[in-house]
Structures are given as structure tokens and as C-alpha cells.
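To start, the structure itself, in C-alpha cells.
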Amino acid sequence: MKVTIPTKLLLEGAAHAAAVAANKSPKPILECVAIRADPTTGVSLEATDLDVGLRFHIQDARVDEGGGIVVPAARLLSICREVDEGETTLSDAEGGLTVDTGRSHFYVRGEPIDEFPQLPLLAGGRSLSVPATLMQNMIRRTAFATAKEAGRFALHGVQFRAKGKDIEMVATDGRRLARSVGLLEKKPDADVQAIIGPRGLNLLERILGGDVTEVEVAIQDRQALFRAGSALVISRLIDGSFPSLDGVIPAKSDHAFTSTAGDFASGLRRASLLTTRDAMSVELHIEPESLVIRSRAREVGKAKVEVPVDYDGVPQTVGFNPHYLQEALKVMEPGCTVKFEFTNAKSPGKLSDCDEYTYVVMPIALE
């Protein structure tokens, strides 16, 4: 194998591959990136930890000799980050990979390409096309709400559904729920429903930060495949039944205040300075034109922060985990107007900045 690749593209591919490759796996091959070169199709970088996979294709490469080699992903990325020449030449020699930049020469020990797990190809299945900006926005607004603790497997993923031209992504950990909906330009061949892990979706979100305009989505062989420009992201589906949304999202409430996302987030952030792991709660006292956020922890002290809001109802006091509210506000534009609906101290709150996004958070009992 001998190929010459624009360093910028090699660095991009190596960075994505290193994010996928397993860290300290009992199977060392999963800590590696596979480099495949073909005179006709170009060069591809592949990585997988058996849950998430990536194939990053580099068309703009000169292939003098085809072949393949497997090398540690972290090593290749470290080298690429230090290269400042415009092109980099890769070739296999003596069971490893040589990296030449003109002024620098590296040799990295490798493994045979045949030992690397075979990644699937996108071969159709239940497929649909989603605008890249829509997909990126929906992932960013939902994936953070998946469960982190051990428990129901289904809560560790994002429910992805497409029916007709409607598309929906929902994530919940049982304490809060994030739901984002959108409209497809073209009706898919068939309805799609699957539970997808957040790691694969977060990788896809990062890749969509470039010039990609469309994402092709297919469900096949218990995997979700996303083709975005030069990249193919593969994510193993999560088994289990996702909880029904019936009765989970509160109906429209007469009690609601509006504020800018930046002001609300700033107030929560300041009040959270005097919370602890065992006392992770804030009191929201809502009164006309003012939101007073209080926190109190015996070990550290207490805080009181005032935030201007638009509210004309009777004074109300409710309690919530500030971290859960802050995470939702982070995915909203600081200057946008957000609406927070509530009923009483025992009912969930509902936060939104548009009709297409709903965030529900369970209350916390105040002392």
C-alpha cells in the first residue's frame, strides 16, 4: 500500500476514528484504525468498538499501490496532529505503517488488515433521507437526556421514529424527557422505528458540522446506518421497549413564565454554585415580573438569584434539579425566548423554545 493524502482530510478521518476506537479493550484490534486503499475508490479509514462503527472515505487521495494495514488509532491521530505539511504519504512496510511528510518520518507497528472486524455496507433496507441541519439539531436536543446509570436498556438510547413525513426523536432517563420533532421533505419508503445509542448519534452530530446537506438513514441487520457525506456511521440498535409518551408530557398549563434562555441559565448557574451532590435542588419562586431562584446546602451555604421574567399569575413555588434544567437550556440559543410551564410543586415542569421541542423535568420536593 502507498497513498498520498491531504493532511487536513487525514487528520479529520483519524480524529473521528479515534473517537470510535475502544479504549483499553481486551481485544487490542478494537483500539485500532484500519486503513484501506484502492486505486479505483480511494482510501478509507475504519474503526469500531462493536457497538459503534465508522467508515470515513477519502476520495481526494492518490493511490499508487492498493492494500491495507491496521494501526493504533490514538497513535495515528497524535502523529497527524503534529504534521503541518499539506500532504502526507502512508505506506505499509515490515508489518507496520510508515508516515512521511517530507520533513518527518514515522514508523508505527501494525496488524494484518484481515484481523479487523468487517463493517457493513449501506445496502438499502428501510431507508430515508433527512436534512443534515434537522438531524444535527434533533440529536443535540435529545441525546443528552438518555440514562447514564444501569437499568432499563431502552432508556440508554434515543427513540428514532419516522412515519410519513413526520420524524421524531425522544430520550428519557425517567427523571426528565427530551422530545424533538421535524418534517421530512420526502416521505420514506416505509415507517422507521428504532432505539439508537447516543454514542453513535453524537459522532454523527460532530460529522454533520461540515458541508453535509443530507443524511441517508437505513435500518438493517439490527443496526442503524447513517451516510453523511464521506462518512458512514454504524450504531448497533438497543433492545427493549421504549416507554409510551401517553400522559408523560403535561398538557398546556395556565401557569407559565417566559424568559430568555441566557438569563434563565445564568440564574440557575449562579444558584447552583451553592449546591452539593446530596442537595442538588433549587427553589423557583415565581411572581409577577420576577423569578427568584434559591439554593441551600448546610455544608456550603445558600444563594438567592433574581431573574426578570414575564409572568402575571399568582405567586408559585416549585423545586427542580438545576442540572437538568441547565442541560436543556444549553441546547437553546441564549437570546431566544423560552417558556416554562408548571402546575404545582408536585407536577412536572415543561420547558420549550419552539413548537418542535419539548423538555419535561420531574419536580423535587422542597424541605
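The values are calculated or read from the model by the stated rules, or taken from the named source; none is laboratory data. Everything quoted here is computed from the prediction, not taken from an experiment. A quick note on method: Cβ atoms are made from the backbone with ideal geometry, for glycine too, and the neighbour counts reach across all protein chains shown. Surface accessibility is based on the protein's heavy atoms, side chains included, excluding ligands, DNA and RNA. Shrake-Rupley method; radii C 1.70, N 1.55, O 1.52, S 1.80 Å.
Quick notes
- For VAL99, the requirement of being touching a strand residue (DSSP E or B) at 6+ places or on another chain (Cβ under 8 Å), surrounded by fewer than 19 Cβ atoms within 10 Å (Cβ to Cβ) and assigned to a strand (DSSP E or B) is not met.
- Every pair of residues 6+ apart whose Cβ atoms lie under 8 Å, when the first sits in the stretch 28-42 and is at positive phi while the second is surrounded by 17 or more Cβ atoms within 10 Å (Cβ to Cβ) and not aromatic (Phe, Trp, Tyr): GLY42/HIS57; GLY42/ILE58; GLY42/ALA61; GLY42/VAL63
- Candidate set: the stretch 102-121, residues that are part of a loop (DSSP other than H, G, I, E, B), open to solvent by less than 30 Å² (accessible area, probe 1.4 Å) and hydrophobic (A, V, I, L, M, F, W, C); chosen: the one farthest from ALA22 (Cα to Cα): LEU119
- Residue count, the stretch 323-345 (criterion: farther than 17 Å from GLU356 by Cα and not in a strand (DSSP E or B)): 10
- Scope the stretch 206-226; condition open to solvent by 40 Å² or more (accessible area, probe 1.4 Å) and either outside any strand (DSSP E or B) or farther than 19 Å from ALA143 by Cβ (or both); matching residues: ARG206, GLY209, GLY210, ASP211, THR213, GLU214, GLU216, ASP221, ARG222
- Selected residue (criterion: least open to solvent (accessible area, probe 1.4 Å)) from residues of the stretch 23-80 that are of a type in the set (Lys, Arg) and part of a strand (DSSP E or B): ARG55
- Residues of the stretch 197-227 satisfying the condition of being out of contact with any Phe, Trp or Tyr (no Cβ under 8 Å at 6 or more places or on another chain), under 17 Å from LEU134 (Cα atoms), among the acidic types (Asp, Glu) and touching a residue at least 40 places away in the same chain (Cβ under 8 Å): GLU205, GLU214
- Residues in the stretch 312-351 that are farther than 16 Å from ILE286 by Cβ and buried (at least 18 other Cβ atoms within 10 Å of the Cβ): ASN321, TYR324, ALA328, LEU329, VAL331, MET332.
- All conditions but one from (1) more than 26 Å from ALA224 (Cβ to Cβ); (2) charged (D, E, K, R); (3) out of contact with any strand residue (DSSP E or B) (no Cβ under 8 Å at 6 or more places or on another chain) apply to LYS27; the one that does not is (1).
- Selection count, the stretch 259-296, where residues are part of a helix (DSSP H, G or I) and not aliphatic (A, V, I, L, M): 8
- Breaking point among (1) open to solvent by less than 50 Å² (accessible area, probe 1.4 Å); (2) touching a residue at least 40 places away in the same chain (Cβ under 8 Å), for ALA297: (2)
- Residues in the stretch 122-156 that are in a loop (DSSP other than H, G, I, E, B) and of a type in the set (Gly, Ala, Ser) were compared, and the one that is surrounded by the fewest Cβ atoms within 10 Å (Cβ to Cβ) is ALA150.
- Residue-level analysis places ASP84 outside the set of residues that are open to solvent by 90 Å² or more (accessible area, probe 1.4 Å), acidic (Asp, Glu) and outside any loop (DSSP other than H, G, I, E, B).
- Every pair of residues 6+ apart whose Cβ atoms lie under 6 Å, when the first sits in the stretch 148-165 and is within 18 Å of SER180 (Cβ to Cβ) while the second is polar (S, T, N, Q) and open to solvent by 100 Å² or more (accessible area, probe 1.4 Å): ARG161/GLN193
- Considering the stretch 240-268, and only residues there that are open to solvent by 20 Å² or more (accessible area, probe 1.4 Å) and more than 19 Å from LEU177 (Cα to Cα), the residue that is modelled with the lowest pLDDT turns out to be ASP254.
- Set side by side, the residues ILE195, ILE286 differ, and just one is of a type outside the set (D, E, K, R) and out of contact with any helix residue (DSSP H, G or I) (no Cβ under 8 Å at 6 or more places or on another chain), which is ILE286.
- Among residues of the stretch 170-196 that are surrounded by fewer than 19 Cβ atoms within 10 Å (Cβ to Cβ), those with a Cβ under 7 angstrom from a residue that is among the polar types (S, T, N, Q) and not in a strand (DSSP E or B), sequence gap 6+ or separate chain, pair up as ASP173/THR146.
- The stretch 270-290, residues that are surrounded by 15 or more Cβ atoms within 10 Å (Cβ to Cβ), under 26 Å from the mean Cα position of the chain (by Cα) and not polar (S, T, N, Q): MET280
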